[in-house]
Amino acid sequence: MAQPGRAPLLELRGIRKRFGAVQALYDVDFEVYAGEVVGLVGDNGAGKSSLIKAIAGIYATDSGEFRFEGRQVTIGGPNDTARLGISTVYQDLALCDNLDVVANLFLGREEARPLVPGVVEELDEVAMEQRAVEVLRDLAVRIPSVRTPIAALSGGQRQSVAVARSVMWNSKVVLLDEPTAALGVAQTRQVLDLIKRLRGQGLGVVVISHNLADVFEVCDRIVVLRLGRRAGNFDVRGASREQIVAAITGAEFGTPGREGTA
Amino acid sequence: MTSVARDPRLIADRPGVAGTLEGFWRRVSQGEIGSLPVVVGLLLIAIVFQSLNPNFLTPRNLTNLVLQIAAMGTISVGVVLVLLLGEIDLSIGAVSGLCAAVMTVLNVKTGLPGALAVGAGLLLGAGIGGLQGVWVTRFRVPSFVVTLAGLLGWQGVLLYVLGDTGTVNLTDPAITNLAGIFLGRGLGWLIGTVAIAVFLASLARRHRRRVAAGLAVGTRGGLVGRIVVVVGGILVAIAILDADRGVPLAVLILLGLVVFFDYVTKRTRFGRHVFAVGGNAEAARRAGIGVDRVRVAVFTLSATLAACGGILAASRLLAVNQSSGSGDVLLNAIAAAVIGGTSLFGGRGTIWSALLGALVIGSISNGMDLLALASSVKFMITGGVLLAAVTIDAVSRRGRQAAGRA
């Protein structure tokens, strides 16, 4: 869904990545616009994770162009992408079960205030709790209390906390790796609603998923990877599930939607 | 503004005293037991020994008891820190002996002033801890192995430092006073009053800030309960100690360390990072926390506190010898932390468990000494208590998991 006159928030051109004898990514193009949810689908080994890790800066790419907000940028590592405003929520969520929601949202960025100025600082729990309540309310995340330890939350609530943490530090693009993989029906709904709210706030969202029902519900556009190449780019409004499956598996239909709108 | 949308399925405590008690019992039945077993255990121990020997609960014996646990409790504070990180430090006994020996040899044989000798002992402890911490983080050798090597190696250094002297006696009052003097009546009450004032002031300040920010505050019953326990505890303790010889300096040192490290773990960035690393080291690393720096710092603190405990023990014994820091010093310090309720699995526990656990072990040992039981019985009973404490931890962990709180 190219939006004429608007540059993509994030744009990758001709990304190549090779692991030994395996060409994991071959001339892959990828782009996300602000306020857009892009589904990244493909079979196992299609290159989804490699592409996400390339975007997150974990893998250095062999060649290709990386543009952010129209400017060409070079990515040296995860810190570079974080500075640009790209954040990633991996499947393991990286939360500390023994700490409460506030502590997890501020993990590594705790706010402190001077107790004895210049000598001793103590955690500013009041400021952190206020901000946590604000962030969770903006995203309409429902949890028992911001002082609940993560261990006491459901899978959907944990996913929501992890997503809230990734977007509360001025993120512009969020990458979600299988956000609904281990969730029940109600919890999946909670997370899909959260993704829609992120779009409403103008973020670019990339969702990796195996679940086509979820992808069709929440995404504006679907990019299909197959054997390390981009095998399709579909506007969900004009695409059928059969077309996506065909692109994933490589079955030939010659459907017009294939790479049609790219 | 006050809170996030509440889940309607959530059980909330009803207001009032009845609601507070109800919520307390619900959390206990779900395995959120905290220090409850150890407090119940202490009460049981007191009742049993007092009924067997009426001298147990006298001010004289209780004062002896707290003097006996000062060194163990101090070492145990360091153990709690290491356990919170999800690591173990087996070298603390040997380090406590070595640092006390170095302090003594410097003071007695080379004539270094007492205060400087104590400083040198503490510094040596910090250096040893730093070295072990760097070894664990730099070479990724499990802390169990590094500190086991330390247990053997530092004991060897202790023997080397003492040479063929065997026992060295301490006479310098700057050192022997540490575990030997008592604060006068007035001074004990003065310090107690200041402690209560600081406690109430910080409680009030926190409460005011939360109310001003529109955040939830605890129930009135919980607040009153906390004040009664802390203020009552301080007053009763000073009254008992004063009925004998006064507040021992060694006990004040132990309590000071407990309060200080309790504050550090709960209210500072460093403490938060210790809990984060103990809970999920990978998550902490990805959040930008210097996991290795935290680990090295904690091992440094652990060995420094071990040195501090060793110095208190030497000051009480008025000597160091070749068995300083060996025997049950290491195991008692670890047992105290675990009996007090700090989890062996990392990320859960409080510094207070060092004091509570040391009180349990100390009172069992003290009570059995009063009954003149053989040390064979003492070892067996202490072992049984340790096993019971760890079993309670493991069972309550299962209860937490069943209630979704693990």
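The values are calculated or read from the model by the stated rules, or taken from the named source; none is laboratory data. Because the structure is predicted, anything quoted here is derived from the model rather than measured. Neighbour counts are summed over all protein chains in view; Cβ atoms, including those assigned to glycine, are modelled from backbone coordinates with ideal geometry.
When you look at B:Gly256, is it surrounded by fewer than 19 Cβ atoms within 10 Å (Cβ to Cβ) and away from chain A (no Cβ under 11 Å), yes or no? Considered against the rule, which asks whether it is surrounded by fewer than 19 Cβ atoms within 10 Å (Cβ to Cβ) and away from chain A (no Cβ under 11 Å), B:Gly256 comes out as yes.
Of all the listed residues (B:Ile191, B:Ile196), the sole one being touching a helix residue (DSSP H, G or I) at 6+ places or on another chain (Cβ under 6 Å), away from chain A (no Cβ under 14 Å) and not acidic (Asp, Glu) is B:Ile196.
Selection of the stretch B:88-139 for residues being hydroxyl-bearing (Ser, Thr, Tyr), closer than 29 Å to B:Val338 by Cβ and part of a helix (DSSP H, G or I) yields B:Ser96, B:Thr137. The set of residues in the stretch A:76-92 being within 12 Å of chain B (Cβ to nearest Cβ), closer than 16 Å to A:Ser49 by Cα and surrounded by fewer than 23 Cβ atoms within 10 Å (Cβ to Cβ) consists of A:Pro78, A:Val89, A:Tyr90, A:Asp92. Return a yes/no flag: does the stretch A:216-235 have any residue that is assigned to a helix (DSSP H, G or I), closer than 25 Å to A:Gly57 by Cα and more than 12 Å from the chain's Cα centre (by Cα). No, there is no match, as no residue in the stretch A:216-235 is assigned to a helix (DSSP H, G or I), closer than 25 Å to A:Gly57 by Cα and more than 12 Å from the chain's Cα centre (by Cα). Taking the stretch B:286-300 as the range and being in contact with a helix residue (DSSP H, G or I) (Cβ under 6 Å, 6 or more places away or on another chain) and facing another protein chain (nearest Cβ under 10 Å) as the test, only B:Ile289 passes. With A:Val185, A:Val161 as the choices, which residue is out of contact with any strand residue (DSSP E or B) (no Cβ under 6 Å at 6 or more places or on another chain), within 30 Å of B:Gly347 (Cβ to Cβ) and among the hydrophobic types (A, V, I, L, M, F, W, C)? That would be A:Val161, the only listed residue that is out of contact with any strand residue (DSSP E or B) (no Cβ under 6 Å at 6 or more places or on another chain), within 30 Å of B:Gly347 (Cβ to Cβ) and among the hydrophobic types (A, V, I, L, M, F, W, C). Candidates are the residues of the stretch B:157-189 that are in a strand (DSSP E or B) and of a type in the set (A, V, I, L, M); the one that is nearest to the chain's Cα centre (by Cα) is B:Leu183. Of the residues examined, B:Ala283 is one that is within 14 Å of chain A (Cβ to nearest Cβ) and without any contact (Cβ under 8 Å) to a residue 12 or more places away in the chain.
Summed over the stretch A:102-114, the residues that are more than 9 Å from chain B (Cβ to nearest Cβ) and either touching a strand residue (DSSP E or B) at 6+ places or on another chain (Cβ under 6 Å) or touching a residue at least 40 places away in the same chain (Cβ under 8 Å) (or both) give a count of 3. Among the criteria (1) at pLDDT below 90; (2) more than 21 Å from B:Ser302 (Cα to Cα), the one B:Leu344 does not fulfil is (2). Look at B:Val264 and say whether it is more than 13 Å from chain A (Cβ to nearest Cβ), in a helix (DSSP H, G or I) and closer than 30 Å to A:Asn79 by Cβ. Answer is no for this residue. Of everything listed in (1) more than 28 Å from A:Ala213 (Cβ to Cβ); (2) assigned to a strand (DSSP E or B); (3) touching a Ser or Thr at 6+ places or on another chain (Cβ under 7 Å), the single unmet condition for A:Arg67 is (3).
Kindly indicate whether any position in the stretch A:186-202 is outside any helix (DSSP H, G or I), modelled with pLDDT of 90 or more and not aromatic (Phe, Trp, Tyr). So far as the stretch A:186-202 goes, yes, one or more of its residues are outside any helix (DSSP H, G or I), modelled with pLDDT of 90 or more and not aromatic (Phe, Trp, Tyr). The residue pairs whose first member lies in the stretch B:237-253 and is surrounded by 16 or more Cβ atoms within 10 Å (Cβ to Cβ), whose second member is of a type in the set (Phe, Trp, Tyr) and in a helix (DSSP H, G or I), and whose beta carbons are closer than 7 Å, counting only pairs six or more residues apart or on different chains, are B:Ile238/B:Trp189. Answer yes or no as to whether A:Gly57 is surrounded by 17 or more Cβ atoms within 10 Å (Cβ to Cβ), in contact with a Pro (Cβ under 6 Å, 6 or more places away or on another chain) and farther than 25 Å from A:Arg197 by Cα. Considered against the rule, which asks whether it is surrounded by 17 or more Cβ atoms within 10 Å (Cβ to Cβ), in contact with a Pro (Cβ under 6 Å, 6 or more places away or on another chain) and farther than 25 Å from A:Arg197 by Cα, A:Gly57 comes out as yes.
Residues that are hydroxyl-bearing (Ser, Thr, Tyr), more than 13 Å from the chain's Cα centre (by Cα) and part of a helix (DSSP H, G or I) within the stretch B:55-87 comprise just one, B:Thr63. Selection over the stretch B:267-280 of residues that are among the aromatic types (Phe, Trp, Tyr) and either buried (at least 20 other Cβ atoms within 10 Å of the Cβ) or facing chain A (nearest Cβ under 7 Å) (or both) gives a count of 1. Filtering the stretch B:99-150 to residues that are surrounded by fewer than 16 Cβ atoms within 10 Å (Cβ to Cβ) and closer than 17 Å to B:Asn177 by Cβ leaves B:Pro113, B:Ala115, B:Leu116, B:Gly119. Pairs linking a residue in the stretch B:367-384 that is not assigned by TED's automatic domain parsing to the domain that holds B:Val48 to a residue that is of a type outside the set (Ser, Thr, Tyr) and surrounded by 11 or more Cβ atoms within 10 Å (Cβ to Cβ), with Cβ atoms under 7 Å and 6 or more positions apart or on different chains, do not occur. Is one or more of the residues making up the stretch B:349-369 within 13 Å of another protein chain (Cβ to nearest Cβ) and closer than 30 Å to A:Ala151 by Cβ? Scanning the stretch B:349-369, I find at least one residue that is within 13 Å of another protein chain (Cβ to nearest Cβ) and closer than 30 Å to A:Ala151 by Cβ, so the answer is yes. Restricting attention to the stretch A:93-114, the residues that are in a strand (DSSP E or B) and surrounded by 14 or more Cβ atoms within 10 Å (Cβ to Cβ) add up to 2. Of the numbered criteria (1) part of a helix (DSSP H, G or I); (2) within 30 Å of A:Ile58 (Cα to Cα); (3) touching a Leu at 6+ places or on another chain (Cβ under 8 Å), the one B:Ile289 fails is (1).
Quick check, is A:Leu95 within 8 Å of another protein chain (Cβ to nearest Cβ) and in contact with a strand residue (DSSP E or B) (Cβ under 7 Å, 6 or more places away or on another chain)? So A:Leu95 fails the test. Please find, within the stretch A:155-186, the residue that is surrounded by the fewest Cβ atoms within 10 Å (Cβ to Cβ) out of those that are among the polar types (S, T, N, Q) and within 20 Å of A:Asp138 (Cβ to Cβ). Among residues in the stretch A:155-186 that are among the polar types (S, T, N, Q) and within 20 Å of A:Asp138 (Cβ to Cβ), the one surrounded by the fewest Cβ atoms within 10 Å (Cβ to Cβ) is A:Asn170. Per the conditions (1) over 24 Å from the mean Cα position of the chain (by Cα); (2) surrounded by 14 or more Cβ atoms within 10 Å (Cβ to Cβ), the sole criterion not satisfied by A:Gly118 is (2). Within the stretch A:115-140, the set of residues being over 26 Å from B:Gly349 (Cα atoms), more than 8 Å from every other protein chain (Cβ to nearest Cβ) and part of a loop (DSSP other than H, G, I, E, B) comprises A:Pro117, A:Gly118, A:Val119, A:Leu139.
Inside the stretch B:306-337, residues that are surrounded by fewer than 24 Cβ atoms within 10 Å (Cβ to Cβ) and either of a type in the set (D, E, K, R) or within 20 Å of B:Tyr263 (Cα to Cα) (or both) make up a count of 2.
Scanning the stretch B:198-221 for residues that are under 27 Å from the mean Cα position of the chain (by Cα), farther than 25 Å from A:Arg131 by Cβ and surrounded by 13 or more Cβ atoms within 10 Å (Cβ to Cβ) turns up B:Phe199, B:Leu200.
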